[in-house]
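J.: Sharing a structure with you now.
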Amino acid sequence: MKNKKIIIVGGGQAACQVANSLRQQKYDGSISIFCSENYIPYQRPPLSKKFLSGEIDSDRLYLKPDKFYKNEDINILLNSYVQEIDRKNKTIIYNDKHKMQYDSLVLATGAIPREIQTEKEDLKGMHYLRTIDDVKKIRNSIKNSKNMVIIGGGYIGLEVAAVSRAMGLNVTIVEMADRILERVTSPVVSDYFSSYHEREGVNIMTKTRVEGIEGNGLVRSVVTSSGVIKTDIVIVGIGVIPSQELAKSCGIEVSNGINVDEYCRTSDKEILSAGDCTLHPNFYYKKSIRLESVHNAIEQGKTVASTILGKKIPYNQVPWFWSDQYNLKLQIAGLISNYDDYIIRGERGEDSFAVFYLKDGKICASDCINRAAEHMVSRKIISEGISLEPEKLVDESRPIKDLLN
Ligand SMILES: Cc1cc2nc3c(=O)[nH]c(=O)nc-3n(C[C@H](O)[C@H](O)[C@H](O)COP(=O)(O)OP(=O)(O)OC[C@H]3O[C@@H](n4cnc5c(N)ncnc54)[C@H](O)[C@@H]3O)c2cc1C
């Protein structure tokens, strides 16, 4: 493999994992990572949590220290945007005129925030949240703000709300759907988080559409279907779209993401893909899905490395995710969509309980709030297809781990 050249496009969680796994598996050819950002690969989850609150600084975000790339002979090119792939000549074109050849190419291009369609998009004080630079700007805006409007009641919006309340801002969440977290969880968990945020002083407006954003250089108000809300800062958190234009423009199959098989191969077998940008088959739910999670980026990164090195190990994972809000750690296992019943372990109004979602009597997903053990056990139950009587799951007289014995 000494003379082989691997190029990775994107410098996030998945890109870093691919490079790391290649070296761990003794690949000794060249690796180049092209990243359009000016930072070595970093974790995004703290951006809406402890980095936003100022509890940690950017040094703590990096997935690997600078010296890792030197020691492992990984060529990392920052501020380097790959704009074209010439598949015939196995070459990428970056920063307008530079070219580099590859033997294997990995697309780990992630996702970008979905933009809100309003006329005034360049008002100061209006923000999206995806990068370190975004958070630096948000923190600056917060310094001069009293009132914040968050558009979108998903995980990122709710995490920003929790941090911003602690910083003393008046926070309003505007959500178009009937309830917050509608896309990702059940009404029972949405209601719980709604009540929690409201108790913390967040104003939540559901079934409310944004009709405009007004200001004069500086954002001043958000016009909604339920009235005008005065504000100093707006955070837009209405989801992301996969970064797939590069793949699409060179004829690789894309749909809602770059289409890959269980080995993370795209429709061109020399080109692989991992992370938020992929639409991939999920063994457990028997459908193609696109995930925006650290776990998926890491596991697909490992799969890509194995595939390049000729080991056929399919990606075969139960999805999981987490969200931190106030003193609550929510951990989600599986996909909460196609369940026909649910049961609760613990008291749902308290700061610690677990919701197990059932399909045909078997656990297919769970939401665990400050219940790490229940989360771990439910991942095992789902991945191994274990059947348990629901009465046993709710019986708190036995530790959850004992159920697996
Ligand atoms: C605020 C926030 C909070 C989150 N919280 C959680 C959480 O609590 N738990 C969880 O599991 N997940 C969380 N996530 C999601 C998680 O961070 C992502 O799933 C993960 O970062 C995906 O990694 P990735 O490598 O696929 O993509 P990314 O991290 O998006 O990295 C892609 C990189 O590729 C670069 N790039 C794109 N196109 C090109 C190109 N043509 N040329 C060069 N470079 C390019 C981009 O600039 C970017 O740096 C959060 C995300 C955000 C934004």
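Each reported figure results from applying straightforward, stated rules to the coordinates on display, with no laboratory input. Computed from a predicted structure; not experimentally measured. Reconstructed Cβ throughout: ideal geometry from the backbone, glycine too, with neighbour counts over all protein chains shown.
J.: How big is the Rg/Rh ratio for region 327-404, C-alpha atoms only, Rh by Kirkwood, two decimals?
T.: Numbers: Rg = 11.2 Å, Rh = 12.2 Å.
For region 327-404, the value is 0.92.
J.: While we're looking at this one, here's another question. Semi-axes of the equivalent ellipsoid of region 236-279: what are they in whole Å, largest first, if each equals the square root of 5 times a C-alpha gyration tensor eigenvalue?
T.: The three semi-axes for region 236-279 are 20, 12, 7 Å.
J.: Assign unit charges at the C-beta atoms only (+1 for Lys and Arg, -1 for Asp and Glu), then state the dipole size of region 115-236 relative to its Cα centre in Debye, rounded to the nearest 20.
T.: Once rounded to the nearest 20, the dipole reads 400 debye.
J.: What net charge do the residues around LEU404 carry, taking every other residue with its C-beta under 10 Å from that of LEU404, with Lys and Arg at +1 and Asp and Glu at -1?
T.: So the environment of LEU404 carries a net charge of 0.
J.: Right, another one. If you take the C-alpha gyration tensor of region 262-405, multiply each eigenvalue by 5 and take the square root, what semi-axes do you get, largest first, in whole Å?
T.: 32, 16, 13
J.: Restricting to bridges with both residues inside the chain, how much of the DSSP beta-bridge set is antiparallel, in percent to the nearest 5?
T.: 60 percent
J.: How big is the dipole moment of region 1-137 about its Cα centre under a simple scheme where the beta carbon of each Lys and Arg is +1, that of each Asp and Glu is -1, and everything else is neutral? Debye, nearest 20, please.
T.: Rounded to the nearest 20 debye, it is 460 debye.
J.: Just to check I understand the Karplus step: with θ = phi - 60° and J = 6.51 cos²θ - 1.76 cosθ + 1.60, what whole-Hz values come out for region 337-349, glycine and proline as x?
T.: 9, 9, 8, 10, 7, 8, 9, 10, 9, x, 9, 5, x
J.: A follow-up question, please. Report ³J(HN,Hα) in whole Hz for each residue of region 242-259, in order, from the Karplus equation J = 6.51 cos²θ - 1.76 cosθ + 1.60 where θ = phi - 60°; Gly and Pro get x.
T.: With coefficients 6.51, -1.76 and 1.60, one gets x, 7, 10, 4, 4, 5, 4, 5, 9, x, 6, 5, 9, 9, 8, x, 7, 5 Hz.
J.: Indicate the helices, whole DSSP H runs only, in the chain that combine a mean Kyte-Doolittle hydropathy of -1.0 or more with a Cα extent along their long axis of 20 angstrom or more.
T.: Counting only whole DSSP H runs, the qualifying helices are 294-308.
J.: Give me log10 I(q)/I(0) at q = 0.12 Å⁻¹ for the chain, Debye formula, one equal scatterer per alpha-carbon, no solvent.
T.: -1.04
J.: Mind ordering 354-366, 326-338, 10-22 by average Cβ neighbours within 10 Å, highest first?
T.: 10-22, 354-366, 326-338
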